[in-house]
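Below is one structure, written out as structure tokens; the observations come after it.
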Amino acid sequence: MANIILIGFMGAGKTTLGLRLSRECNLPFVDTDQRIEEEQQRSIRAIFAKEGEMYFRTLETKQLKKLMQGPDCIISVGGGLPVQKVNHPLLKQLGNTIYLKASVKTLARRLQGSNSRPLLQGGNLEEKIAKLMEEREAIYEQVADYRIETDDKTIEEVIVQMQSLIC
Ligand code: S3P
């Protein structure tokens with residue numbers, strides 16, 4: 001299949017850029033977090049609070065499997081999805097993966113005041129991001145077919161770069 005899958009840390013711009021790219025390429029856009037919230041009829045925060053993170057991870061994997069049956073899309077996935085090994089062959093099968101990379105400082109600036117992400121609640125935001133990033137960075141790099149640095153770039157610049165990779 002030839003989906004384009006955007007991966008990266010929370011706040012990397014996966015949803016915003018995915019939506020824009022889908023318009024440019026005239027392809028449908030799917031955000032796995034949004035799909036989960038729609039199907040569950042509640043927020044990710046509520047799912048984490050009631051059933052915990054591992055249950056949410058099983059919902060993410062189910063979404064990937066469903067996408068296997070659909071038409072080609074631009075897909076944005078939650079920041080933790082590529083961390084689960086079970087998802088690696090599914091991502092490979094689905095298409096080409098682009099890692100949207102951003103520095104801890106940029107992410108902290110973008111995520112300041114966000115209360116929808118359970119893994120970043122409480123404590124020092126920048127420290128939390130740095131710790132999680134340390135665990136995840138190598139995995140993002142390993143899973144991705146392409147990487148785009150987004151620090152100091154406008155949305156338009158990133159879109160042009162994505163198009164040059166996938167066209
Ligand atoms: C998570 C990222 C979130 C969401 C959930 C867990 C993570 O998605 O799936 O809060 O583990 O990084 P975004 O990356 O779209 O914020």
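Read-outs: derived from the displayed coordinates by stated rules, not from any lab. All values reported here derive from a predicted model rather than from experimental measurement. All Cβ positions, glycine included, derive from the backbone under ideal geometry; neighbour counts span all protein chains shown.
Assorted remarks:
- Amide H contacts of R147 (H built 1.01 Å from N, under 5 Å, at least 5 apart or other chain): Y99
- Computed over the chain, the per-residue total of -39500 (n - 2.57) for DSSP H runs of n ≥ 4 gives a 222 nm mean residue ellipticity of -16500 deg cm²/dmol, rounded to 500.
- Taking other residues whose beta carbon is less than 12 angstrom from the beta carbon of C73, and scoring Lys, Arg as +1 and Asp, Glu as -1, yields 0.
- Hypothetical label at R45: residues of region 117-146 whose amide nitrogen lies under 12 Å (7 Å Cα-Cβ projection): 117-122
- Of the GluC sites (Glu not before Pro) in region 37-90, not one is in a loop by DSSP (not H, G, I, E or B) with at most 11 other beta carbons within 10 Å.
- Links that overshoot a 21 Å alpha carbon limit, given the list K85/K153; K65/K85; K62/K131; K65/K92; K14/K105; K105/K153: K85/K153; K62/K131
- Placing +1 on the Cβ of every Lys and Arg and -1 on the Cβ of every Asp and Glu, with no other charges, gives region 56-165 a dipole of roughly 520 debye about its Cα centre.
- If the convex hull is drawn through the Cα atoms of the chain, its volume per residue in Å³: 108 Å³
- Amide H to amide H, with H built 1.01 Å from N, I5 comes under 5 Å of I75, N96, T97, I98, counting only residues 5 or more places away or on other chains.
- Sites listed here are trypsin sites (Lys or Arg not before Pro) in region 68-144 whose DSSP assignment is loop and whose Cβ has at most 16 other Cβ atoms within 10 Å, and the list is empty.
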